[in-house]
Amino acid sequence: MKLLLTNYRSLVFNRLMTTREDLINALLSLGEEKGLANVSLSDIAMEVGIRKPSIYSHFESKEALVDAAVLYCREQMKSRSFPVNFKAPDAQSLLASLVDSFLMTFAEAPLSSFLSITEQQRMFDPRFAEVHNQLVSMMGARIRVALEFCVQRSWLDIRDTDIASDFFTSAVMECLCNVISPQQGEKTDTDWEIDRLVDGMLELFGI
């Protein structure tokens, strides 16, 4: 009897956690499509396939759901290591592989939707401003390491790697937004975007 009760509790807990994730993913998907302010709990319930009152078993309000989505995606981002390829034969290969690792991370849901929402909301919502700053800091740290390595190998001529990494990080963020959320009707060639970005750095700092 005790084993059956334990299994039942485990089943209920797993179902509750799955529904929570479904609600978070629905919020992110609809938020990217319609704008976060235009998404209602009714929209989310319809997307998940439950009744609206059922949402309150998991979240007390839309704001609580947004908070949970931010926390969930921040944890997802923290799990990404974005390693620098120190075995790359040249600066172009090293930087291209690093940019590609950023793009691959944010190419799929839920992080693709989260990035889009973050860039929409960061100017007037402190939660997303903090996420944006965290993302820029995380990417900038990897980029700085990559540029310093390129300088040590005499692949690039950079006097101030902090300024160069800030510049390249801004360019990478713009590239991410172009690839993840292209303008309506436009198609983005990821390889072309990466090549354009890296070629620009090599033109500025290449030896």
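Values in this text are rule-based calculations from the coordinates and carry no lab data. In this text, all values refer to a predicted model and were calculated from it rather than measured experimentally. Every residue, glycine among them, receives a Cβ derived from its backbone with ideal geometry; neighbour counts consider all protein chains shown.
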Quick one: Cα convex hull volume of the chain, Å³ per residue?
153 Å³
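Calculate the dipole size of the range 80-205 relative to its Cα centre from +1 charges on Lys and Arg beta carbons and -1 charges on Asp and Glu beta carbons; express the result in debye to the nearest 20.
Charge dipole, the range 80-205, about its Cα centre: 400 debye, nearest 20.
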May I ask for the distance between the Cα centers of the range 126-187 and the range 18-36, given as a whole number of Å?
27 Å
Test of understanding: in a Gaussian network model of the chain with alpha carbons linked when under 10 Å, which of F149, F82, F124 would top the mean-square fluctuation ranking?
F124
